[in-house]
Amino acid sequence: MKNLIYRILILLFVCVSISVPQNFKTDSTIIFQPTKPLLTEHQLEILRNTSGFDLIISTNGFGLGFFYGYNFSEKITGKVNLSISESKDEKEVEVYNPWTGEIIVPFKVNRFLVFPLFFALEYRLFKDEIMDNFKPYISIAAGPSLIYSTPYNIEFFSSLKHGKAYYTAGGYIGMGAYFGSETKSILGVNVRYYIIPYNKGIESLLFVKKKEFGGFSISLSFGTAW
């Protein structure tokens, strides 16, 4: 019986000796692997789309714009921009009328509202050199524009039904930047120079025709990505 016990103990010792590795060096590196991807392909596809609105301040006045964008890559974005803004003749001079208390423009014939529908490309600059909370870019755009002329001698809203539409084409070049590291929210600023010619000209002041309806503008952009 004792011999059997000894044999069993020896056999156990041999098995333990074989199962224990002879190299006792340990690796202190610990690798953590997520149970599921941090960002799914579906989420990446959603974040390719952007939309929002622009608050516009230009040499001609104020405006409002809307945009939809699609990120073709990390550097190139395609956009559709639709905006409405007023346009004035650079020769206009506002005068205060003390009898009526109104501010008028002598010899002004027509007001102008401009509706450009532009297709734009944005190219992101210095992507690998600057942190993601500041994203500068340059842009270029072209497309059709509608110029809506209304008589100045009629009150603004009442004059809209007496207006006349003119069609032309134009574009802009610009530069700007988006701020913040949040990928789902859009906050940016841009400076653009619009070129919207109308070669025949539209009477703006008495005996004066306006042929260019573009100019410099600064826009603040707000939007979301999905």
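Every number here is computed from the coordinates shown, using simple stated rules; none is lab data. Just so it is clear, the structure is predicted and the values come from calculations on it, not from any experiment. Neighbour counts are summed over all protein chains in view; Cβ atoms, including those assigned to glycine, are modelled from backbone coordinates with ideal geometry.
Pairs over the 24 Å Cα-Cα cut-off, from the set Lys79/Lys200; Lys164/Lys209; Lys108/Lys211; Lys79/Lys210; Lys79/Lys209: Lys79/Lys200; Lys79/Lys210; Lys79/Lys209. You can think of it this way: the chain between Asn49 and Leu160 has 36.5 nm of extra reach, that is 0.36 nm per residue less the Cα-Cα gap.
For the pair Thr183 and Asp128, a Förster radius of 25 Å applied to the C-beta separation gives a FRET efficiency near 0.90, rounded to the nearest 0.05. Starting from the Cα gyration tensor of the stretch 42-181, take the square roots of the eigenvalues, sort them a ≥ b ≥ c, and report rounded, prolate or oblate (rounded when a/c is under 1.5, otherwise prolate if a/b is larger than b/c, else oblate). Judged from the Cα gyration tensor, the stretch 42-181 comes out prolate (a/c at least 1.5, a/b above b/c). Taking amide H as placed 1.01 Å from N in the peptide plane, Leu125 has its amide H under 5 Å from the amide H of Tyr137, Ile138, each at least 5 places away in sequence or on another chain. In this structure the amide hydrogen of Tyr152, modeled in the peptide plane, comes within under 5 Å of the amide hydrogens of Asn110, Arg111, none closer than 5 places in sequence on its chain.
Here the contact order of the stretch 70-133, divided by its residue count and restricted to Cα pairs under 8 Å and six or more residues apart, works out to 44 percent. Amide H contacts of Thr59 (H built 1.01 Å from N, in plane; Pro and chain starts excluded): Phe216 sit under 5 Å, all sequence-distant by 5 or more or on other chains. Working note: Karplus 6.51/-1.76/1.60 with θ = phi - 60° gives the stretch 122-139 the couplings 10, 10, 6, 9, 6, 4, 8, 9, 10, 5, 5, 7, 9, 10, x, 7, 10, 9 Hz, where Gly and Pro are set to x.
Phi angles across the stretch 65-80 convert, under the Karplus curve 6.51 cos²θ - 1.76 cosθ + 1.60 with θ = phi - 60°, into 3J(HN,Hα) values of x, 10, 9, 10, x, 9, 7, 5, 7, 6, 10, 10, 10, x, 9, 10 Hz, Gly and Pro given as x. One chain, two ends: Phe216 and Glu203. Fully extended at 0.36 nm per residue, the span grows by 2.5 nm beyond their Cα-Cα distance.
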